[in-house]
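> Have a look at this one.
The values are calculated or read from the model by the stated rules, or taken from the named source; none is laboratory data. Predicted model, so just to flag it, every value in this text is computed and none were measured. FYI the Cβ positions are ideal-geometry reconstructions off the backbone, even for glycines, and counts take in every protein chain you see. Heavy atoms of the whole protein, side chains included, go into the accessibility calculation; ligands, DNA and RNA do not. Shrake-Rupley method; radii C 1.70, N 1.55, O 1.52, S 1.80 Å.
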Amino acid sequence: MKKALLSIITVALLIVTMGLNAVSVHAESEKETYRMQDLANLLTESQASSLQDRINALVDKYGMDLIIITEENMADYGYTDIVAFADDIYDQMEYGIGDDYTGMEFVIAMEEREWAISTCGKAIEAYSDATQDYIMSYVKPYLSSGDYYMAFSTLVDHAEQVMASYEEGVIYEPPKEPYNPGTGVVMFIIVGLVVALIYTAHLKKQLKSVRFAADANNYVDPDSINVSLSKDTFLYASVTRRARPKQTSSGGSSTHTSSSGRSHGGSHGSF
Amino acid sequence: MSTLQEYKCPCCGGKVEFDTTLQKCKCPFCDTEYEMEALKAYDEDLQNDTEDDTNWNIGDKEEWNLDEETGLRSYVCKSCGGEIIAEETTGATSCPYCGNPVIMMEQFKGLLKPDLVIPFKLDKKAAKAKLLEHYKGKKLLPKTFRDENHLDEIKGVYVPFWLFNTEASGIVRYKATKLRCWSSGDYDYTETSVYSVVRGGDVKFNNIPIDGSERMADDLMESIEPFDYSEAVDFQTAYLSGFLADKYDVSDEETIKRADERAKRSLEEIFRDTVTEYSTVTPEASSIKVEGADAKYALLPVWILNTTYNGTNYTFAMNGQTGKFVGDLPMDKGLKNKYFALSFAIAGIIGAALSYLIWLI
C-alpha cells in the first residue's frame with residue numbers, strides 16, 4: 001500500500017518538475033535533470049542548475065550516481081522513518097548506475113527537519129560510516145543555519161573526493177581530527193590525581209602497622225574444621241535486556257535492507 | 001618484702017640472667033651456664049626458703065595498705081638493700097641502684113602461677129636492629145625522626161596473656177546471585193539467579209592469645225601475633241631473670257569476650273570460603289555460639305620500645321620470639337605533599353601522553 005502510494009506520488013512529482021513530457025522516467029538523458037531535485041524550493045533556479053551541472057559532470061566522470069532531494073515533508077507520503085523514505089525513493093526512482101545501482105542519495109525533509117544519506121552498490125563501500133559522519137560534520141552547520149546552497153555544495157565537494165578516490169581504487173578515509181589539547185589537559189588532571197591519591201594513600205598506610213586482629217585464623221585447629229551443613233536453594237531468576245551499542249568501525253560501512261529487499265548503506269539525523 | 005628473688009651464681013655469687021641465644025641462664029661475671037632444669041630444682045628449694053621466712057615479715061601488711069592507693073609496692077633489694085618501688089602488677093624488674101635482676105615471687109605463686117612461658121629468643125640488640133629495619137622504605141617518615149632517634153626506653157617484658165581453647169559452632173545464611181550473560185539480535189541479556197545459601201558447622205581453636213595486662217595496648221599486642229606455642233615451656237621464674245614481667249590484671253572472664261569475637265569471625269570466614277561460584281554473596285543472618293572456653297595463663301615475650309618525637313610518645317613492640325615488629329610512625333606532611341605533587345606530575349604526563357598516543361592510532 002505504502003509502496004504503491006509512493007510510486008504514484010513520485011511519478012506525479014516528476015511530471016510537475018520535468019513538465020508534461022516526462023513520459024519515460026528511466027531514460028538516462030532525463031535522469032540527469034532530476035539528480036538535484038529541490039522539491040522544497042530552497043534554492044534559486046540558478047543555484048539549482050549550477051549544482052545540477054556539477055553533479056552531472058561528476059556522475060559522468062566517475063560512474064557513480066549522486067542525488068540530492070529536498071522534500072517539504074515525509075509525513076504526506078506516509079513515512080515516519082527518514083531512512084525508509086530515502087531508501088524507497090532511491091529504489092522506486094531506480095537511481096544508481098549499473099547492475100548494482102551504485103550511487104549516493106542525500107534527502108532532507110523540511111518539516112521533520114531530518115536528513116538521510118542512502119548509498120547503494122559500490123557506493124556503500126566508498127562512503128564508509130566514518131566518511132559520512134565526516135561529510136555531515138561540514139554539511140550540518142549549513143543545514144541548521146538555513147544556507148542550503150552551501151550545504152549541498154559542500155556535500156558535492158566531498159562526494160567528489162570520495163568518488164575520485166574510489167576511482168583510483170582507494171576507499172576514501174576522512175582526515176583525522178586534530179589532537180585536542182583539552183583532552184590532554186583533562187587526562188593529565190584525572191590520571192595525575194587518581195595516581196597521586198592512590199600513591200600517597202599507599203605511603204601513608206606504610207606508617208601504620210598497629211591494628212586489631214579481626215579473626216583467629218592462626219589458631220584454628222585444621223583437623224577440626226567441619227562444615228556439616230551446606231545447602232544452596234534456588235529462589236528466583238530475573239532477566240534484563242539492554243540494546244547493544246551499534247558497531248561502528250572507521251573502515252566499515254553498516255548496511256540495512258530496504259523495503260524492496262535491496263541492501264543500502266547510509267546514515268541519518270536531524271538538523 | 002621477703003618474696004624478692006634473685007638467682008645468684010652458685011659459682012661466684014653474681015646475678016645470673018636468662019640468655020636468649022643459649023636459651024639457658026648464664027652468669028655474666030664468670031660465664032658459667034646453667035641448664036633450666038637445674039634451676040627448676042633450685043627454684044623449688046628457694047620456694048621452701050621463702051615459706052620459712054614468713055614469720056619475721058611483720059611490717060609487710062602495714063606497708064601494703066599504705067601503698068594500695070597509689071598502686072605501688074616497695075621491695076628491698078637483697079643485694080644492696082636499696083628500696084625498689086614497683087607497680088602492683090610488676091613480677092620481675094631490676095634494682096634501680098645496683099642493676100641486679102629481681103623477681104617478685106609472690107606474683108607467680110599458687111593460682112597466679114603461669115601455665116607456660118615462651119622464653120625470649122631475641123635480645124635487645126635484635127630489637128634495636130629491627131627498629132632500624134622498621135624505618136626502612138617508609139617514604140613519609142620525617143628525616144629528623146630517623147636521624148635524631150633517641151630511644152627513651154627499651155625493655156623486654158613477659159606480658160601476661162590468656163590462651164583460650166574454644167569451639168565455635170553455628171549457621172550463617174547468605175543471599176547469593178549468579179549472573180549469566182548472552183546476546184541475541186540487537187540485545188544483550190543478563191539473567192540474575194538468586195539463591196539462598198546456608199552453611200553450618202563447627203571448628204576448634206587452640207590458644208587464642210588475649211593480652212591480660214591493662215597497661216599493654218590491646219591492638220599493639222594483637223599486631224605482633226602469632227606466637228609459636230611449640231616452643232612454650234612449663235613456667236619457671238628463672239626465665240624471668242634479666243627481664244621485666246607483669247602479672248595479669250585483667251581476668252580471663254573479662255578477656256574471653258574478645259576471644260569469642262575473633263573465633264566467631266573466623267568461623268564466618270570459613271563458611272564464606274565455601275560459598276563459591278557466585279557473583280555476589282551477602283550475609284543475611286548469622287547465629288554462631290562460642291563455647292567450652294578454658295583459659296591457660298601464659299607469659300609471652302615482648303620487646304617494648306619507647307621514643308618521643310615532637311612531644312608525642314611512640315611505642316613499638318616486637319615479638320620476642322618471632323621478631324615481628326610493629327609500631328605506628330609519624331608522617332611528614334611536607335614529604336607527603338612532595339610525593340603527591342611528584343606522582344601527580346609523572347602520572348599526569350603519562351596520562352596526557354597516552355591520550356595523544358591513542359589519538360595517533
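> At 222 nm, what helix-only mean residue ellipticity would chain B give, in deg cm²/dmol to the nearest 500, using -39500 (n - 2.57) for each DSSP H run of four or more?
Value at 222 nm, helices only, nearest 500: -9000 deg cm²/dmol.
> For B:A285 and B:S251, what does the FRET efficiency come to when R0 = 35 Å and r is the distance between their Cβ atoms, rounded to the nearest 0.05?
0.60
> State, to one decimal in nm, how far the label point of B:R215 lies from the label point of A:I225, with both points 7 Å from Cα in the Cβ direction.
4.0 nm
> Turning to a different aspect of this structure: Would you mind working out the accessible area per residue for the range B:255-361, using a 1.4 Å probe, and quoting it in Å²?
50 Å²
> On to the next question. Kirkwood hydrodynamic radius (Cα pairs, Å) of chain A?
Computed over Cα pairs of chain A, the Kirkwood hydrodynamic radius comes out at 22.9 Å.
> Quick check on chain A: of the DSSP beta bridges with both residues there, what percent are antiparallel, nearest 5%?
Here the antiparallel bridges make up roughly 65 percent for chain A.
> How many percent of all Cα-Cα pairs in the range B:274-320 sit more than 17 Å apart? Spell out each step's value before the answer.
Details: 764 of 1081 pairs.
Cα-Cα pairs of the range B:274-320 separated by over 17 Å account for 71 percent.
> Also, I was wondering about something else. For the full complex of protein chains and a 1.4 angstrom probe, list B:I85, B:I103, A:I171 by accessible area with the highest value first.
The most accessible residue leads, giving B:I85, A:I171, B:I103.
> Sticking with this structure for a sec: Mind listing the long-range amide H neighbours of A:I97? Cut-off is under 5 Å, sequence gap 5 or more, other chains count too, H placed in the peptide plane at 1.01 Å from N.
Long-range HN contacts for A:I97: A:D65, A:T102, A:G103.
> Using amide H atoms built in the peptide plane, which far-off residues or other-chain residues are under 5 Å from B:Y314 H to H?
B:T307, B:T308, B:Y309
> Indicate the residues belonging to the range B:202-216 that lose 40 Å² or more of solvent-accessible heavy-atom surface (probe 1.4 Å) upon moving from the chain alone to the assembly of all protein chains, ignoring ligands and nucleic acids.
B:D202, B:K204, B:N206
> Separate question: At 30 Å minimum axial length over the Cα atoms and a Kyte-Doolittle cut of 0.5, report the qualifying DSSP H helices in chain B, or say none. Before the final figure, lay out the partial values.
On the way: long enough: B:252-274 (33 Å, -1.60); B:333-360 (40 Å, 1.08).
For chain B, where a helix must reach 30 Å along its axis and average at least 0.5, the hits are B:333-360.
> For chain B, just list the percent of Cα-Cα distances falling in each 10 Å bin from zero outward, please.
4, 18, 22, 20, 16, 10, 6, 3, 1, 0, 0
> Out of the range B:255-361, which GluC sites (Glu not before Pro) are coil in DSSP terms and have no more than 13 other C-beta atoms within 10 Å? Provide the component values of the computation, followed by the final result.
Numbers: sites: B:E261, B:E268, B:E269, B:E277, B:E284, B:E291; in loops: B:E277.
Within the range B:255-361, the qualifying GluC sites (Glu not before Pro) (loop, at most 13 other Cβ atoms within 10 Å) are B:E277.
> Related question: Within the range B:197-283, list the trypsin sites (Lys or Arg not before Pro) lying in a DSSP loop whose Cβ has at most 16 other Cβ atoms in a 10 Å radius.
Taking the range B:197-283 and a limit of 16 other Cβ atoms within 10 Å, the loop trypsin sites (Lys or Arg not before Pro) found are B:R215.
> How much of B:T237 can a 1.4 Å solvent probe reach, expressed as accessible area in Å² and rounded to 10?
That residue has around 10 Å² of solvent-accessible surface.
> For B:F235, enumerate residues with amide H under 5 Å from its amide H, sequence gap 5+ or separate chain, H modeled in the peptide plane.
Result for B:F235 returns B:L116, B:V117.
> Principal axis extents for the protein assembly as shown, Cα atoms only, whole Å, descending order, please.
145, 57, 43
> OK, next. DSSP loop GluC sites (Glu not before Pro) in the range A:151-238 with at most 11 other Cβ atoms within 10 Å of their Cβ, which ones?
Qualifying residues, ordered by number: A:E168.
> Across the residues of A:181-194, average count of Cβ atoms on other protein chains within 10 Å? Mind showing how you got there, number by number?
Working: counts 3, 0, 5, 9, 3, 3, 10, 10, 4, 5, 11, 12, 6, 4.
That average works out to 6.
> Would you mind computing, in nm to one decimal, how far apart the modelled labels at B:K125 and A:L193 are, each placed 7 Å from Cα along Cα→Cβ?
Taking the two extended label points, one gets 5.4 nm.
> For A:D88, tell me the accessible area in Å² from a 1.4 Å probe, rounded to the nearest 10.
For A:D88, the solvent-accessible surface is approximately 10 Å².
> So between B:E277 and B:D186, what do we pick up on full extension, going 0.36 nm a residue minus the alpha carbon distance?
Full-extension gain reported as 29.9 nm.
> Between B:T21 and A:D100, what is the label-to-label distance in nm when each label sits 7 Å out along the Cα-to-Cβ direction?
Using points 7 Å along Cα→Cβ, the separation is 9.0 nm.
> Roughly how large is the A-B contact in terms of buried accessible area, totalled over both chains, probe 1.4 Å, nearest 100 Å²?
5800 Å²
> Note down the Stokes-Einstein diffusion coefficient of the range B:124-330 in µm²/s, whole number, using a Kirkwood radius over alpha carbon pairs, 25 °C, and 0.890 mPa s. Provide the component values of the computation, followed by the final result.
Details: Rh = 20.6 Å.
Reported coefficient: 119 µm²/s.
> Counting each DSSP H run of 4 or more residues in chain A as -39500 (n - 2.57), what helix-only mean residue ellipticity at 222 nm follows after dividing by all residues, to the nearest 500 deg cm²/dmol?
-14000 deg cm²/dmol
> Could you run the Karplus curve 6.51 cos²θ - 1.76 cosθ + 1.60 with θ = phi - 60° over the range B:94-108 and give me ³J(HN,Hα) per residue in whole Hz, x for Gly and Pro?
These are the phi-based 3J(HN,Hα) values: 10, 5, x, 8, 9, x, 6, x, 10, 10, 8, 4, 5, 6, 10 Hz.
> Please report, as a whole percent, how much of the solvent-accessible surface of the range A:40-193 comes from carbon and sulfur atoms (probe radius 1.4 Å).
On the way: 3510 of 6620 Å².
Its accessible area is 53 percent carbon and sulfur atoms.
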